[in-house]
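First the structure, in the form of C-alpha cells, and then the observations on it.
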Amino acid sequence: MPDKKILDFTGYSRRLDIFAADELPQFSRSIVQKMIKDGKITVNGKKVKPSWPLQEGEKVEIELPQAQEQNGKLADLIIADGKDYFVINKPAGMLVHPQSPVWETNPEAAFASEETLVSLVLSNPPKGFDINTPRAGLVHRLDRETSGVMLLAKNEAFQQAMTQLFASREVHKTYHSIACGEIPDDAGTIDVPIGRVAGGKIKASDVGREAVTDYKVLERKNGFTYVELYPRTGRTNQLRVHLSWLGYPVLGDWLYKGATADRLMLHARKLDFKHPLTGRKMTFEAPVTPDFLDAWDRVTGEGKALNG
C-alpha cells in the first residue's frame, strides 16, 4: 500500500504547492508541483492545480513517492556485471538522474520524477549491489541525448576509487559522432576552454575551464564526417561545444546548430582503465546503436560499416 499523509488545512488561505512543500521539506518545490500535477497530492479527494487556494477545513492527501516497478528494465541495459561494478549501454533520451539534487539525500525522491537510470537502479538493483552506495553507484554521467557505455559502482569503496580515477584523468574515453561537414584534417586536438557565460549556454570562452579533446576522422562522405573523439577532460557538453567551435557541429544537436536528426548523434563507445582495487586492465565497449547506424546510412549510404 502507498505511504500516505492526510492533513486538515487550517488557517488563512495558502497555495497548495506552498503548503505541501512546507509539509515535505525533503523534496524540492518543483517535485512537489509535479506530484500535484500527477495527482499524488489531492484536495478533498480531487486532483487540482498547484496554485489551488486552500481554505479552512479542506483535506489534503499526499501519496509519498516510494520505490516502485519501473517501465524499463535495468537488466536489458547491462552489458557487463562484476563483483564491484556493472556496465550499461545507456539509450539516448534517458536521463541519468533526476534534475533536482534532492534525490541524493532522499533517494525516494527519484520516484517523483520521470524514469531515470537512477530510479531503475534503486527499484531493481543488480546482484551484489549495496543499496547504501551513495548516488546509486554513479561515478560519471552522460547527457540525456548521448547513448553508450556507462560504469556504475556496486559499493562505496569502488565508487570512491573510480571517482578518483576519473578526477585524475586515468579513465580513457572514446566517443563516436556524426559531424555536419567534412573535417579536413585526419586527426587533431581541440584545446579550447569552455564554460557557461552570464547564465547562458555552455560555449567556448577565454574565461571558461580547460577543455581538451583529441579526434580522428574515420570517414568523410556527402558533407558529413564520422569521427572518433577522445576527451582528455570531462566538461559538461565538451564534445558538442568543441565540434561546434571547430565548425562541424554534431548531427542532431539543435543547441549548437547541427543539422536536424531524430537524436543527437553522439555515442560513448569505449572506456579503458585499470581496476582501482586490483590493477587489472579493464575495457568496456558499447556498439553504436541501430538508430545511429540508420542516421549515417541516410546521410552517406554506408551505415553498416560503423561497427566493423
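The values are calculated or read from the model by the stated rules, or taken from the named source; none is laboratory data. None of the values given here were measured: they were computed from a predicted structure. Positions of Cβ are generated from backbone atoms using ideal geometry, with glycine treated the same way; all protein chains shown enter the neighbour counts. The accessibility values were calculated without ligands, DNA or RNA, using every heavy atom of the protein model including side chains. Shrake-Rupley method; radii C 1.70, N 1.55, O 1.52, S 1.80 Å.
Odds and ends about this structure:
- Filter result for Tyr226 (outside any loop (DSSP other than H, G, I, E, B) and in contact (Cβ under 8 Å) with a residue 40 or more places away in the chain): yes
- Pairs are defined by a Cβ separation below 9 Å, a sequence spacing of at least 6 or placement on different chains, a first member in the range 36-54 that is touching a residue at least 12 places away in the same chain (Cβ under 8 Å), and a second member that is open to solvent by less than 90 Å² (accessible area, probe 1.4 Å) and small (Gly, Ala, Ser); the pairs so defined are Ile36/Ala20; Lys40/Ala112; Ile41/Ala20; Pro50/Ala20; Pro53/Ser13; Leu54/Gly11; Leu54/Ser13.
- Any hit, the range 251-274, residues being closer than 17 Å to Ile178 by Cβ and part of a helix (DSSP H, G or I): no
- Complete set of residues in the range 20-53 that are assigned to a helix (DSSP H, G or I) and open to solvent by less than 20 Å² (accessible area, probe 1.4 Å): Ala20, Ile31, Val32, Met35, Ile36
- Residues (over 27 Å from Ser168 (Cα atoms) and either open to solvent by 30 Å² or more (accessible area, probe 1.4 Å) or out of contact with any helix residue (DSSP H, G or I) (no Cβ under 9 Å at 6 or more places or on another chain) (or both)) located in the range 218-243: Leu218, Glu219, Arg220, Lys221, Asn222, Gly223, Phe224, Thr225
- A single entry from Leu243, Leu306, Leu271 fulfils the requirement of being over 21 Å from Val87 (Cα atoms) and at pLDDT 95 or above: Leu243.
- Of all the criteria given as (1) within 28 Å of Gln159 (Cβ to Cβ); (2) surrounded by 14 or more Cβ atoms within 10 Å (Cβ to Cβ); (3) in contact with a Lys or Arg (Cβ under 7 Å, 6 or more places away or on another chain), the one not satisfied by Gly128 is (2).
- Matching residues in the range 275-302 - criterion: being part of a loop (DSSP other than H, G, I, E, B), over 17 Å from Thr146 (Cα atoms) and of a type in the set (A, V, I, L, M, F, W, C): Leu277
- Here Leu271, Leu293, Leu246, Leu255 are screened, and the one residue that is of a type outside the set (Gly, Ala, Ser) and within 24 Å of Val171 (Cα to Cα) is Leu271.
- Looking across the range 127-175, the residues that are among the aromatic types (Phe, Trp, Tyr) and either over 26 Å from Thr213 (Cβ atoms) or assigned to a helix (DSSP H, G or I) (or both) come down to Phe129, Phe158, Phe166.
- Sub-9 Å Cβ pairs linking a first residue in the range 243-268 that is on the phi > 0 side of the Ramachandran plot to a second residue that is acidic (Asp, Glu), at least 6 apart or interchain, are Gly252/Glu145; Gly252/Asp262, ordered by first then second residue.
- Residue within the range 65-74 that is open to solvent by less than 70 Å² (accessible area, probe 1.4 Å), more than 18 Å from the chain's Cα centre (by Cα) and at pLDDT 85 or above present: no
- Odd one out for Tyr248, checked against (1) in a loop (DSSP other than H, G, I, E, B); (2) within 22 Å of Val96 (Cβ to Cβ); (3) open to solvent by less than 80 Å² (accessible area, probe 1.4 Å): (2)
- Scanning the range 96-112 for residues that are over 11 Å from Ser28 (Cα atoms) and in contact with a helix residue (DSSP H, G or I) (Cβ under 8 Å, 6 or more places away or on another chain) yields Val96, His97, Pro98, Glu104, Pro107, Ala110, Phe111.
- Matching option when the condition is hydrophobic (A, V, I, L, M, F, W, C), open to solvent by less than 40 Å² (accessible area, probe 1.4 Å), touching a residue at least 40 places away in the same chain (Cβ under 8 Å) and touching a Lys or Arg at 6+ places or on another chain (Cβ under 7 Å), among Ile202, Ile194, Ile178, Ile190: Ile194
- Within the range 166-193, the set of residues being modelled with pLDDT of 95 or more and among the aliphatic types (A, V, I, L, M) comprises Val171, Ile178, Ala179, Ile183, Ala187, Ile190, Val192.
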